[in-house]
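Here the structure comes first, spelled out in structure tokens, and everything after it is commentary.
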Amino acid sequence: MRQSTLSVALEVKPESYEYLSSLLNELREKRAPPQQGVTGKFAPFLASVPVLHFLSLSLFPGYEYDPLFVIEANFDGEPGPFWAQLEDAIGPELRHFLACCKCPRDVLAPLFTAIIAPGSRAPIAPYLEAQSLVPTVYHHGNRGMTRQRILDECALFEQVQSELTHNDATYRKLDPLAVHHQLRTALAGQFPWINTPPAPRISLWENSFDWLGLGAFVVAVSFILSIPGLLLSLILDPTYSFILLGFSLLLVAALFTRISRRSSDNSEPTNVSLQNIAFKKPLFFYLIFYLATVSIVGSLFLMPIMGRVTAATLGDMLVWFIQGLLSIPFTLAAILFWLRSLEKTDSSLDAPWVSPRFLREMAQREDWIPQNHMGSVVLIKPGILRTILIRTGHLGLGLLLRATARDGYLGSMRTIHFAHWALVNNKSRLMFLSNFDQTWESYLDDFIEKAHNGLSLAWSCGVGFPTTRYLILDGASQGRQFKEWARHSMAVSHFWFSAYPQLTTDQIERNYRIAFGLQTHGITKERAAQWIKDL
Amino acid sequence: MSALTSKSVLRPRAGGPRKWAEQRFMTALPYFFSLLRCVKPVWNVAGMTLTSRYDHVREVFATEAKFGVMYKQKLDIIMGGEPFFLGTDDRSQHHDDTAALCKVILPSDLQRLASDVEERATRIINTNKGQIEIVNDLTRQVSFDFLATYLGIPSPANGDLRVWATRLFEFLFADGGNDLALRAEVDEIAPALRAHIDAIITLRKQNKGDDDVLARCLTLQSAHEPGFSDVQIRTALMGMIVGGPPQPPMVLPQAMEQLLKRPQILAEAQAAARNNDDETLRRYVLEAMRFDPLGPGLWRVALTDVTLARGTRHEVTIKAGSHVLAAFASAMMDSRRISNPKAFNPHRPAADYMHFGYGLHACFGRYINLATLHLMLKPLLKQPGLRRAPGADGKLSKNGPFAERLVVRYDFD
């Protein structure tokens, strides 16, 4: 089943900030036990919203804007049923929270007024649904695992451990295949579902859609970057156009070679070279794919206009697109030059101030269980190039993550359950919300060491972010500065709910592998030997 | 034959083309509401308003100050003018009346009621060897027997409680056309039932007998507890009899029909029954009921000019006095709020169901129903080889809004 990630960010009336804060704390006291564990007070909430994985209700105080009330939700299935379930669980509380928020000034104003009117019984779900923000980038760890499946497989894991502990001597004598058979036999009564084949975590349709999306993005970006060449060919004769583009290409190549020589001045070997980048097989095949795609799409547009498409027309179109392709390096170089000139004059925060009160409250709420939550809102740097780069970069990064990060982990990071970015306050601020394992410090260390390029791409548009080079270099890799900047932008998660607070991303994947193995009836000897390592 | 001595629980209906047209109309209703949900979810038409989406249906139910119930007039006829909480929209009055009932109908009774229902159903299944008619012989028999025992109101000597209660139920909830023949029967039955309960109260004052609801009422009356005069006790018990036991024979055969349509689901429900997994079985029955609930909806009346779905594209102002249909059957199929509504999913959250209404007038007996409904079917579901009887008997037939007949067979040793 598809998982959904969304958030709702509502501006709060400044005079209601403290009251709303107290209401959120009341809800937390009502729902959350004082320390770890979710039994007891969480139980009704778990039952009312059976699709929910993580939910947070945060209040960002804001200095440049009025406070922001943020609902973050990660759940299975479609948003409509989720909002109805949430309303059923905490509808009266939500109505009070909304009453502390500002009335929107768009078409949603009458709906908002109806909801917060005294004694109102108007449903809240339509308003929250309408205010839901689509993430610009998101990542789902343990992708495709429904909450029920996670809980079922956790129960299976515990039973497997119990079975192995109680019959340790017996199992130690068995080979992997026999262990597999014995465990299946012992657990089939209690877990009949292990006799059915495992459901795929990502459907064929979803998989195809992910790759199609990424492919369409790359083709579209290639086309946009080739527009200067396409325009040039409309002005100049093709021969002159090719000569000019050829010279531009040589100029860019010379510049690139110079940069790559500079980078190889040190003793470390480098793979950065024009040859490596330009003549790799995938690039060659991509160029063929691109030309074929745009030619076909172009023909589809031309056919209704011209009435017919001849071979000569298609040939002209192909030449036209090749001219466009030749201009891509030049366009890229121009953008990088523009970006670099902006980056050189960017301001970054070396020692951002953090309110001691918030720091104390954050510290009080972190590290009670193996999981933690983080919410951050930053201002976005102004300018046309930044605006385009944020949107394009986020779109591309999101599509890339959907197509590649599907084994439960984000690259080598094995701690993220759900994370997403979204644009708020008329797209002038960037919000980041994440549910992760281990401490905040180690989470940020992971980012710094293992995913700083992607993180810089996603976050470098934030005012005060550590200085970057060419959008993805430096930035988040400057550990101390990055951590302080991130903490400065964070707010207290007043209410935070996890459906499986004791399970790490890694453990969920382990449980999945064990369950998958048990659900595989005719397992081979080699796979059984591999599978047994997880027990 | 007098209505009092009638043996036919359901009134005879017109057959032929009219019956055929009625059946086609009922079959077409879900499609009609499905269309309404898409194009006109709040539709003012011919002096009434139809609501079909989850949000709007729930808003109608929840806004009791503006959407009142329409039962008072008919309740006055049934109760002889005595007020019953079903007919009032006054929240405090409603609270006081139900609070009195809550002193005698206790949560701690549920376990006992559940066991009683299961035992009664088991006895019936064991005596009907290999074949049973579900509507009358199982669900109606069990629901009237256990509730009459629990309340302390046995069948009258001069009539059949099943007939009397079902007629009054039809008059109160399913007589949109104000049928004169039905009214004539009600005019006979209602005073007779009141007299029957009055007589029992008088008798029980002399010999209090078992620990049932009536005995508890009389104990509280002796203690001068407010809300327990003779008339108040009679009205409360009569309300429970009229509103309660006629419903399981409607919804449970319909649920059974839905299970029989889905062999895999039926097998899962049977497995739950055999494993005595009552919670899972309850979920299966509730979910089956979602596909064919008690009726398409409940009527309300606008007490003032009221705007529904305010602030949305479907905002509609309803004039005071207009009738409003809160179509809960349609709401439970609304994919905007119900996840994958066409799929049979017994693990749905409680919010997905509106079987018992919502808000002030949510069914008073919902906790009893939740504890017992599935157990009426449990002994039957335990039987091996459960299948439809051949021919028309094996398919659920209806008499107006009432389930009429459904025969199933099973392998009986």
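Numbers below:
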quantity: Exceeding the 18 Å Cα-Cα cut-off - candidates B:Lys74/B:Lys205; B:Lys129/B:Lys378; A:Lys344/A:Lys427; A:Lys102/B:Lys66; B:Lys72/B:Lys205; B:Lys19/B:Lys74; calculated: B:Lys74/B:Lys205; A:Lys344/A:Lys427; A:Lys102/B:Lys66; B:Lys72/B:Lys205; B:Lys19/B:Lys74
quantity: For A:Thr136, residues with placed amide H under 5 Å, excluding near neighbours; calculated: A:Trp421, A:Ala422, A:Leu423
quantity: Delta accessible area of at least 50 Å² on complex formation, residues of the range A:85-131, 1.4 Å probe, chain isolated as reference; calculated: A:Asp88, A:Arg121, A:Pro123
quantity: Chain B: proportion of alpha-carbon pairs further apart than 34 angstrom, %; calculated: 31
quantity: The range B:160-244: chymotrypsin sites (Phe, Trp or Tyr not before Pro) falling in loop per DSSP and having at most 16 other Cβ within 10 Å; calculated: none
quantity: Within 10 Å of each Cβ in A:73-83, the average number of Cβ atoms from other chains; calculated: 3
quantity: For the range A:1-133: span of alpha carbons on each principal axis (Å, largest first); calculated: 39, 31, 31
quantity: Straight-distance crosslink candidates among lysines, where the alpha carbon sits under 27 Å from A:Lys525 and sequence neighbours closer than 8 are dropped; calculated: A:Lys173, A:Lys533
quantity: Drop in accessible area of at least 10 Å² in the complex versus isolated chain, residues of the range A:141-167, 1.4 Å probe; calculated: none
quantity: Expected-Rg normalisation [2.2 N^0.38 Å, Cα atoms] applied to the range A:105-157; calculated: 1.85
quantity: Stokes-Einstein D for the range B:85-178, Kirkwood Rh over Cα pairs, 20 °C, 1.002 mPa s (µm²/s); calculated: 134
quantity: Residues losing 50 Å² or more accessible surface upon assembly, the range B:335-351, compared with the chain by itself, 1.4 Å; calculated: B:Arg337, B:Pro349
quantity: Span from the the range A:311-372 Cα centroid across to the the range A:486-535 one, whole angstrom; calculated: 31
quantity: Simple Cβ-charge dipole of the protein assembly as shown, Lys/Arg +1 and Asp/Glu -1, about Cα centre, in debye nearest 20; calculated: 1760
quantity: For B:Val69, solvent-accessible area (1.4 Å; no DNA, RNA or ligand), Å²; calculated: 10
quantity: Amide H within-cut-off set for B:Gln131, under 5 Å, with H built and near neighbours excluded; calculated: B:Tyr410
quantity: Overall Cα dimensions of the range A:381-535, principal axis frame, Å, largest first; calculated: 60, 33, 29
quantity: Between B and A, accessible area buried - total, square angstrom, nearest 100, 1.4 angstrom probe; calculated: 1400
quantity: Along principal axes, Cα extents of the range B:258-413, largest first, whole Å; calculated: 63, 32, 28
quantity: Dipole-positive endmost among A:Gly454, A:Leu52, A:Thr505 within chain A (Cβ charges, Cα centre); calculated: A:Gly454
quantity: Carbon + sulfur, % of accessible area of the protein assembly as shown - ligands and nucleic acids excluded, 1.4 Å; calculated: 60
quantity: Gap separating the Cα centres of the range A:205-245 and the range B:251-298, nearest whole Å; calculated: 58
quantity: Ratio Rg/Rh [Cα only; Rh per Kirkwood] for the range B:170-325; calculated: 1.09
quantity: Packing-based order for B:48-55, B:346-353, using average beta carbon neighbours within 10 Å, highest first; calculated: B:48-55, B:346-353
quantity: 1.4 Å probe accessible area per residue over chain B, in Å²; calculated: 43
quantity: Residue-normalised accessible area of chain A, expressed per residue, 1.4 Å probe, Å²; calculated: 49
quantity: The protein assembly as shown pair-distance distribution - Cα-Cα, 10 Å bins, rounded %; calculated: 2, 9, 16, 18, 18, 15, 10, 6, 3, 2, 0, 0
quantity: Loop-located trypsin sites (Lys or Arg not before Pro) in the range B:299-399, at most 15 other Cβ atoms within 10 Å (DSSP); calculated: B:Arg313, B:Lys319, B:Lys342, B:Lys395
quantity: Expected 222 nm ellipticity per residue - DSSP helices of 4 or more, -39500 (n - 2.57), all of chain A, to 500; calculated: -18000 deg cm²/dmol
quantity: Inverse of mean 1/r across different Cα pairs in the range B:238-313, Kirkwood, Å; calculated: 15.2
quantity: Relative counts (whole %) of C-alpha pair distances in chain A, using bins that are 10 Å wide; calculated: 3, 15, 23, 22, 18, 13, 5, 1, 0
quantity: Euclidean distance of C-alpha centroids, the range B:1-56 and the range A:123-158, integer Å; calculated: 39
quantity: Percent of alpha-carbon pairs separated by more than 24 Å within the range A:66-170; calculated: 45
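The values are calculated or read from the model by the stated rules, or taken from the named source; none is laboratory data. This is a predicted model, so every value here is computed, not measured. For neighbour counting, all protein chains shown are included, and Cβ atoms are generated from backbone atoms with ideal geometry for every residue, glycine included. Protein only, heavy atoms only, side chains kept; ligands, DNA and RNA dropped before computing areas. Shrake-Rupley method; radii C 1.70, N 1.55, O 1.52, S 1.80 Å.
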